[in-house]
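The values are calculated or read from the model by the stated rules, or taken from the named source; none is laboratory data. As the structure is a computational prediction, the values presented were derived from the model and not from experiment. Note that each Cβ is placed from the backbone with ideal geometry, even for glycine, and that neighbours are counted across all protein chains shown. Just the protein is used for accessible areas: all its heavy atoms, side chains included, with ligands, DNA and RNA removed. Shrake-Rupley method; radii C 1.70, N 1.55, O 1.52, S 1.80 Å.
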Amino acid sequence: MNGRNPENGRKQVMFHDHRTFSFSNIVMVLVVVFLFLPLFVVVLYSFNSSKGMTWDHASLVWYEKLIFDSPSLWMAFKNSLIIALTSSATATVLGTLAAIGIKWYRFPGKSYITTVSYLPMVLPEVIIGISMLIFFSAVKIQLGMFTIFVAHTTFNLPFVFLLVSARLDEFDYSTIEAARDLGANERQTLLRVIIPSIMPGVLSGFLMSITMSLEDFVITFFVSGPGSGTLPLYVYSMIRYGVSPVINALSFVMILGTMLIAWVFRRFLKTIAANS
Amino acid sequence: MSIKDGRRSSERRERRLGVSYAAPMGVWFTVFFIAPLVIIILYSFLKRGLYGGVEWEFSLTAYGQMFNPNFGKVLLRTIWISVVATAFCILLAIPTGYAMARSKHQTLLLFLIIIPFWTNSLIRIYAWISILSTEGFFNEILKSLGIIDEGLHLIYNHGSVILVLIYMYLPFAILPLFTTIDKFDFSLLDAARDLGATKFGAIRLVMLPNIRSGLLTAIVFTFIPIFGAYTVPLLVGGKDSTMIGNIIVDQVSKTRNWPLASAFSMILTLVSTVGVIWMMMSSRKEQAQKKNVTNQQKTEQNILDHHTTGGEA
Amino acid sequence: MLRNRIAQAMGGMGKRLKGVEVTAGHVTRSYGDFKALDDVSVRIEKGEFFSLLGPSGCGKTTLLRIIAGFDSPDSGTVLFDGKDVLPFPPEKRQSNTVFQTYALFPHLTVYENIAFPLRLKHVDKQEIDRKVREYVHLVQLDEHIDKKPNMLSGGQKQRVAIARALINEPSVLLLDEPLSALDAKLRQNLLIELDELHDKVGITFIYVTHDQSEALSVSDRIAVMNHGKVLQIGTPYEIYEAPATEFVAKFIGETNLYPCTVTSCERYNDEYMMTIDVPSLGRAIYVTDEEPMEIGRGLNFTVRPEKITITIEPPSKQKAGINTFHGIVEEPVYSGFQSKFYVQLDDVGTVVKVFKQHTNFMDDGPEIEWKDLVYVSWSADDGYLVKVIDE
């Protein structure tokens, strides 16, 4: 069976149980098939020339339509990108600073901020969406790009905060004292020592935010206004009101995008692992 | 400058720095998260306005309306759908997490679980629609094999809702279970079997109690989003498979009964909070058991804490 | 070879750095109910290698951190060459610290870590380069100059930390258990290097450790601490040979320690010869001390195991003031260069620890084995009286 090899921390197979067809392995394979089957079907039919699910012949017609004949889709994609970048950047700055403050200083309100920062992660999205919608109407803020930006920043913040805090936990406080001891002031310590050391955590927080922001449908659905539709909202209207196989093509592109991000993420995490 | 003054000023400085680092996020959450929640709580106790909105008059009407048999049915349905879907997720996730933890290809497997998990949720729901619908992939295959002539009605019912919910939230159950099982010392299973337990006996008696915290996290992380599901019942559910999430949205956008929507939101919030508190308490208890520290160590820890948190002088 | 390198490097610097005298006066520091430092006073001389020694939680690290400026006392003074440094933050003090965890900046290379303080001061680029290379050479890390800390071994990290702390040319180097994370052999080597480094740079070293053998082997003087108090300050010889309290006696090396009462005290040459009643030994014994003790006072008597002679034959009574007891060897432990015996005395049953150094075959005498009947004896000069309560 598996145990940790203390020498290199790697997994080591030591015992008899590595039958390929054990119950758990079969379940695992079925689960993976279950998870990929729908994606596979969508990708397959994106290359189907006919409109329905009866296979005609392979064609790229839906990709052509996607690229050259879907101006409102591209508009929505542009909105999505703008929201993702701005909300992730804001969340990254606010979340990182807060993580530093919470980790190393004592001040009133500290436990309030810590507790509150976990809530958006655990509350159902519908609640966050509805409460924001009601809030924005109560204070009479026009729904639109700005409200989407606010909502996305809110649900991205906890993740940045968590990831940076985790990085800070590994960070030795003596390092900050060493910096001060060697002559750095507060600002120099922050910019030259703390931020560079926790950069991997900050970047993973940022990347995570980008993916979640591009992904989000439910919360965005409530706080968006006319003309501020994001890509997921566009996909929703395509599903709801008239399915066109263009959505198959779009799905494949988005799945590829996900895989690309996951791959970048993994490469990135590997480099971090090698460097720390 | 006396020492006392120095100490006081350094404490002041620490407080000032801490606040200036954390305040932006604190203010953001207070304004854009806590305030909206407070408004919802408030609205749930108010009277419904004539043309949407609310009237500023205390009333328990919204809570009374929740016991309307129509809504009661939805509430019960939400509960049983969530329980069934969560149970399936956990039952599939335990062997999967176990097999992943035992595998030599952990990174690859994690990758395989995460890719569908990161793929846009609407795309995933859409994929199921194109598989299950009357002229969908599944029916087309059956037809071409000559098993059926007419497409089966596989979608827009409770079954399709549960199936897609399982599909959407299975990774939420697998990931925490994998993490805890991966940390589990598998030689304990060998020991149990050496002492006469069967393989499943060993897993049930030795492994399950040791992965309790992961199991709990998996249950809470799966149950809460399923309980609050909105998109799945909307897109693959039938007329009679709506869940609480759908009611809330309908009350806000169609009926414009904000107090009722708020009252239902309170239920969702309450369920989630209870789940999370349960999870946190149990993990804290587990940690407390693990860390049975002596007084000496505690003292050292105190000093250490002071050094690591209050190091600014 | 190392000595040459240091000489070269320091010669290149063209000057020996100057140390300062560090004085801590009546320093008290509490964390809530816990008194980390309770009225501690020490004076550390210019250029001294001074150790703060004690178990974890004794306050030694707190004192170091107060001297460095990372913590401030509730009351008391800290002076560098007579000047109050408490109002100054760490970066304004002439001290630099080598941290227990090394505290290297993980995102910077060896070179950049060592250059960090100079870059903050906007020193000219060429000057930085020259100096950094000098110090890298000093700590023998020339081959590793472009590596990140995670590529280095524990010992190498420690050297980077030392070079980085020295490059600012401080007057005091504060070392917080710098070797505790290293293995025993490496620790010995680094300890010797540290000692030589101290000889060369000539600044004041304040060294915090819980390891008595480290402290004994490198320090000019040692302060033994426990429960936030300094129990004894002295040279390694004084601390070991004449412990002031029960705690010091027990903490430094191994010892036999029994409660006793003074029954007589008279002047004997330039010392005082006393008889003390030791209930656990069953009778009165002789002990000498530099200072007279009042009769009837309750104290502890201590004698180091290696000062006790163990023989099969009764020892010849040539000298006055030899204490001899008879007993049975209960547990001989052979450990190479020496053997340890646990001898149970007749009648009282008290167990006395005896260490016997092995020399050559002829001088070693007949081998002593389990259940042998033996005589144990020690001179009155080798016993000490120590205070019972550690205050």
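Some notes on this structure:
- Any hit, the range C:78-100, residues being assigned by TED's automatic domain parsing to the domain that holds C:L37, among the small types (G, A, S) and open to solvent by 20 Å² or more (accessible area, probe 1.4 Å): yes
- Failed criterion for A:I272 (all others in (1) β-branched (V, I, T); (2) modelled with pLDDT under 85; (3) closer than 13 Å to B:W118 by Cβ hold): (3)
- Taken as a whole, the condition of being touching a helix residue (DSSP H, G or I) at 6+ places or on another chain (Cβ under 9 Å) and either closer than 14 Å to C:S379 by Cβ or not assigned by TED's automatic domain parsing to the domain that holds C:V374 (or both) does not apply to C:Y258.
- Tally of residues being at positive phi, open to solvent by 40 Å² or more (accessible area, probe 1.4 Å) and modelled with pLDDT of 90 or more across the range C:218-273: 1
- Close pairs from the range B:105-117: first of a type in the set (V, I, T), partner open to solvent by 50 Å² or more (accessible area, probe 1.4 Å) and in a helix (DSSP H, G or I), Cβ under 9 Å, at least 6 apart: B:T107/A:R266; B:I115/A:F36; B:I115/A:M259
- Scan of the range A:167-184 for residues that are outside any helix (DSSP H, G or I) and either open to solvent by less than 10 Å² (accessible area, probe 1.4 Å) or at the interface with another protein chain (Cβ under 7 Å from one of its Cβ atoms) (or both), ordered by number: A:D172, A:L182, A:G183, A:A184
- Taken over the range A:124-135, residues that are closer than 19 Å to A:S209 by Cα and open to solvent by 10 Å² or more (accessible area, probe 1.4 Å) amount to 1.
- Selection from the range B:186-223 of residues that are β-branched (V, I, T) and open to solvent by less than 10 Å² (accessible area, probe 1.4 Å): B:I211, B:V220, B:T222
- Residue match in the range A:73-82 (condition: assigned by TED's automatic domain parsing to the domain that holds A:M199, more than 23 Å from A:S228 (Cβ to Cβ) and without any contact (Cβ under 8 Å) to a residue 60 or more places away in the chain): no
Conditions (1) more than 11 Å from chain B (Cβ to nearest Cβ); (2) in contact with a Lys or Arg (Cβ under 7 Å, 6 or more places away or on another chain); (3) without any contact (Cβ under 8 Å) to a residue 24 or more places away in the chain, marked per residue:
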position: A:F135; (1), (2), (3): no, no, yes
position: A:F146; (1), (2), (3): yes, no, yes
position: A:T153; (1), (2), (3): no, no, no
position: A:I198; (1), (2), (3): yes, yes, no
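- The lone criterion from (1) surrounded by fewer than 21 Cβ atoms within 10 Å (Cβ to Cβ); (2) in a helix (DSSP H, G or I); (3) at the interface with chain B (Cβ under 10 Å from one of its Cβ atoms) left unmet by A:R106 is number (2).
- Any hit, the range A:226-242, residues being open to solvent by 40 Å² or more (accessible area, probe 1.4 Å), among the aliphatic types (A, V, I, L, M) and farther than 17 Å from B:I115 by Cα: no
- Looking across the range B:133-182 at every residue that is part of a helix (DSSP H, G or I) and among the charged types (D, E, K, R), the one that is most open to solvent (accessible area, probe 1.4 Å) is identified as B:K143.
- Lone unmet requirement of (1) under 24 Å from B:M100 (Cα atoms); (2) at the interface with chain A (Cβ under 10 Å from one of its Cβ atoms); (3) not charged (D, E, K, R) for B:G228: (1)
- Enumeration of residues in the range A:43-92 that are open to solvent by less than 20 Å² (accessible area, probe 1.4 Å) and assigned to a loop (DSSP other than H, G, I, E, B): A:S70
- Taken over the range C:68-119, the criterion of being aromatic (F, W, Y), part of a loop (DSSP other than H, G, I, E, B) and at the interface with another protein chain (Cβ under 7 Å from one of its Cβ atoms) is satisfied by C:F70, C:F99, C:F105.
- Residue among B:L208, B:L235, B:L216 that alone is of a type outside the set (D, E), in a helix (DSSP H, G or I) and within 11 Å of chain A (Cβ to nearest Cβ): B:L235
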